[in-house]
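Read the structure below first, then the notes.
Every read-out reported here was derived from the displayed coordinates using simple, explicitly stated rules and does not represent laboratory data. Computed from a prediction, not measured in an experiment: that's the story for all the values here. Every residue, glycine among them, receives a Cβ derived from its backbone with ideal geometry; neighbour counts consider all protein chains shown.
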Amino acid sequence: MSTCPAALSKIPGGTHLTPSRTRSRAMASRLAVHAASATLSSRAENTSPVPKPPPSNTGQQKPAGTTSRRLAAATATATALLATRLLAPAASVAAGAFDLRLMLPEQSSEEAEATVRAHARNLLRVKQFADAGAWRELQAALRASASNLKQDLYAIIQARPAAQRPELRRLYSDLFNSVTSLDYAARDKDEAQVQEYYGNIVTALDEIFAKIM
């Protein structure tokens, strides 16, 4: 019994296909291949190895905070060392001692000459406190008058010719060394030394005024 091709095309599972169905299946195959290729490419991109981060240098580099603290400590140490070198230990001065270090003049020599005699007289007036044994009053008056006289004499000596200054500076030093010694003697209530150093002050003033007036 013979079967025609048209009948075969209508039977399910038949082996004969029409040209149109053949083209449809070929197109479907190509689409399936393209879809599979796209899927594989996408998977390849998603599974590509991720680049590793660069190795950490934590073992070689120190934390910034630690470095900053060490630099600050080194700076403080250097500053303290420099300060101790610049600030030489000063000679110890007993409590209440009179400081007679040289200072820069704050007035002209003419102004100093106008007041130096009055300040010298005030210095000599401390004898009344020495005679009365008023030691605290003597020290207060001595320091006030000597401070003014010191400034006057320094300004006058600085204005003198260079050849005269060495001798005047020696007398200046003798005068105010005696003032300091008198201050110590008054603090110790040593009447004999007070009278001795007061006499030295009178002598030094006479010599200085003989040269500057």
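Spot the failing condition for Lys189; the list is (1) outside any helix (DSSP H, G or I); (2) under 25 Å from Ser108 (Cβ atoms), and only one is missed.
(2)
Out of all the residues in the range 112-150, which are more than 19 Å from Ser181 (Cα to Cα), in contact (Cβ under 8 Å) with a residue 24 or more places away in the chain and either of a type in the set (A, V, I, L, M) or in contact with a Pro (Cβ under 9 Å, 6 or more places away or on another chain) (or both)?
Once the filter is applied, which keeps residues that are more than 19 Å from Ser181 (Cα to Cα), in contact (Cβ under 8 Å) with a residue 24 or more places away in the chain and either of a type in the set (A, V, I, L, M) or in contact with a Pro (Cβ under 9 Å, 6 or more places away or on another chain) (or both), the range 112-150 yields Ala112, Val116.
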